Amino acid sequence: MVSVLVLATLLSVFPGAAAGQAPSVLHIKVVLIDAEQKPTPVARHALLISDNPPSAAPRRIVTALDGTADVRLRPGTYTVESDRPLTFQNQAYQWTQMVDIVAGRDLVLELTAGNAEIAPIAFPAATSAGVSDADPSSLLTQWQDSVVALWTATTYASGFVIGANGLVATSQRAIGTATSVDVQLNPAVKVAANVLVSDVERDVAILWIDPGIAASVRPLPLGCTGAASPAIGDGQAIFAIGAPLRQPKGTTAGTVSRVDTQAVVADLALSAGSAGGPVFTAAGGVVGITSIANEKDGQVRGESRIVRMDAVCAAVASAEDRIKNASPPEGRLLPVEPALAFPADLLRDAAQRRTGSLTPYRMASSDFDIAFITPVLTYGARYQPDPAGGRDRSRSTRDPEPETIRPLLDFSNWSEYVADFPPVLLVRVTPRLVEGFWTRVARGAAQTQGVSIPPIKRFTSGFARMQAFCGDAEVLPIHPFRLEQRISDSDAIYEGLYAFAAGALGPQCGSVKLVVYSEKEPQKGDTRMVDVKVVEQIWQDFAPYRALK
């Protein structure tokens, strides 16, 4: 019999409880033991707490992603019960427990299979619409490890593992035309993927990662063979799982509003980076992939596009044909995001010490301007210290900014990534604006005739890629981003934005050099040594962060 532990910590004071006495903490523990005997926290399971006798409406509490919460209760007797049954491995678990809270003494309540009402589940028919009785927390519990984060040079998206052979499904619109995608299975594991299928018409992309790495994840069954896929219709309740940018994985509920031949439209409110994740019916069947709307879709605000399963299955069949005689991708682990955040109070203190000197550390190559950007600089530019009061003043996005700090505020398509000050070193490579020889000649000729023409400049070349070296050893970036800057409606120029670990480029290297490649000459690198003083200043900016470890 599956044992269930439930972990939640709740914060509430009921009017009918004894007044004037110090509250105690009730710890409710929620952890599921799955079929493989692995403990899995129960996320977003709803519980109701009411005092006895009732003096107010029950307080509804929802467990966090780790299955925990805290509640402070004054002395008295309380009832803890499930708001709705918890669906897990074809059984429904529901609890109703009485607890006595004593002043000054905390209490742990474990909800297990031994004190639960357990009943087998009869799933709704696949053709029924409007089903909304399933607990979405069970979907997240079962499949959150199967949902992965996808990083490309220009965008971030979600995807999900669909086979032990290493196949990963996502929305083509979510990753765009990328030919290189990094798949992050968990905070510690990120690997490169091959793009096998990028079907613009069907809006499906199938990626391939090393099967040995994929073996650590349970693949999400699509039902492309055998039984028919679950039906989906207007008014039906659906649930999507995504891996939002720099946030925990989560479930979003919605209702189908329209079903077309190519896609389904629903009122799913997706967080940034969640597009590309799986969509389920209330019965747990996969019915599609969340996607991104475009102008041609005719969707209204608040609606989301869902790729239908027939399109997904067609792309999967094509991908499986391509890997039959192919060598699998390399399973080398790539650098990942630091687990420890840079505390805001340390950033504030460091930025205040830098008042009046918040410009990026700069150098240049023949075609590019290069800026080294630390979290201290981005924080200081965003929350300009007030010298008089010592307080931070948030900048309005409409305030005019000096050109010297503009590179610290506008990060184009990666602005949301930089917004919460990740503890990484950013190296920004911007194409230089120069005036051509004949343009200068023409301006000079005009000036001899008394006509003054301002300089007419153009970008030297777009950014292609960059290498960084600590001494003679190449340092791989956590992210090799590209920033898209629109020149016109039909044209754009690209900058580089490479994210490195906080201590990757420091005094321990002896020397630090960059090799920058342009779109004009993609095979010819321009090598530049980084000034020792710049390396030392970067190292000092990260000193408070290193002290945390």
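The values are calculated or read from the model by the stated rules, or taken from the named source; none is laboratory data. Here the structure is a predicted model, which is why all the values come from computation and not from measurement. All Cβ positions, even for glycine, are placed from backbone atoms using ideal geometry, and neighbour counts span all protein chains on display. Protein only, heavy atoms only, side chains kept; ligands, DNA and RNA dropped before computing areas. Shrake-Rupley method; radii C 1.70, N 1.55, O 1.52, S 1.80 Å.
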Find out how many positive minus negative residues lie around Tyr78, taking Lys and Arg as positive, Asp and Glu as negative, among other residues whose Cβ is under 13 Å from that of Tyr78. 0
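What Kirkwood Rh does the stretch 509-549 have if only Cα atoms enter the pairwise 1/r average? Answer in Å. Can you show the working numbers first?
On the way: mean 1/r = 0.0811 Å⁻¹.
Its Kirkwood hydrodynamic radius stands at 12.3 Å.
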May I ask you to evaluate 6.51 cos²θ - 1.76 cosθ + 1.60, the Karplus curve with θ = phi - 60°, for each residue of the stretch 341-348 and list the ³J(HN,Hα) values in order in whole Hz, giving x for glycine and proline? 7, 8, x, 4, 5, 5, 5, 4
Put Thr359, Thr261 in order of accessible area, largest first, 1.4 Å probe: what do you get? Thr261, Thr359
Across 10 Å bins from 0, what is the distribution of all Cα-Cα pair distances for the stretch 161-231, in whole percents? 19, 47, 29, 4
What is the distance in Å between the Cα centres of the stretch 145-165 and the stretch 466-530? 25
Based on the Cβ-Cβ distance of Ala326 and Lys533, what FRET efficiency does E = 1/(1 + (r/R0)^6) give at R0 = 56 Å, to the nearest 0.05? 0.70
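For the stretch 161-304, report the translational diffusion coefficient in µm²/s to the nearest whole number, using Stokes-Einstein at 25 °C, 0.890 mPa s, and a Kirkwood Rh over Cα pairs.
Working: Rh = 15.9 Å.
Answer, rounded: 155 µm²/s.
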Sort Arg528, Arg486 from largest to smallest accessible area, using a 1.4 Å probe on the heavy atoms of the protein chains. Arg486, Arg528
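Give me the extension gain from Ala344 to Ser511: residue separation times 0.36 nm, minus the current Cα-Cα distance, reported in nm with one decimal.
On the way: separation 167, 0.36 × 167 = 60.12 nm, distance 3.09 nm.
The Ala344-Ser511 span can extend by a further 57.0 nm.
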Which order, highest average first, do 517-524, 172-179, 218-225 follow once you tally other Cβ atoms within 10 Å for each residue and take the mean per peptide? 172-179, 218-225, 517-524
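Can you sort His45, His27 by solvent-accessible area, 1.4 Å probe, largest first? Write out the running numbers ahead of the final one.
Working: His45 0, His27 55 Å².
If we order His45, His27 from most to least accessible, we get His27, His45.
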Separation of the Leu334 and Ser366 label points, Cα + 7 Å toward Cβ, nm: 3.0
Quick one: which of 461-468, 149-156 comes out on top by average Cβ neighbours within 10 Å, and what's the full order, highest first? 149-156, 461-468
Using θ = phi - 60° and the Karplus relation 6.51 cos²θ - 1.76 cosθ + 1.60, list the HN-Hα couplings for the stretch 531-548 in order, rounded to whole Hz, with x at every Gly or Pro. 4, 4, 5, 5, 4, 5, 5, 4, 4, 5, 4, 8, 4, x, 6, 4, 5, 6
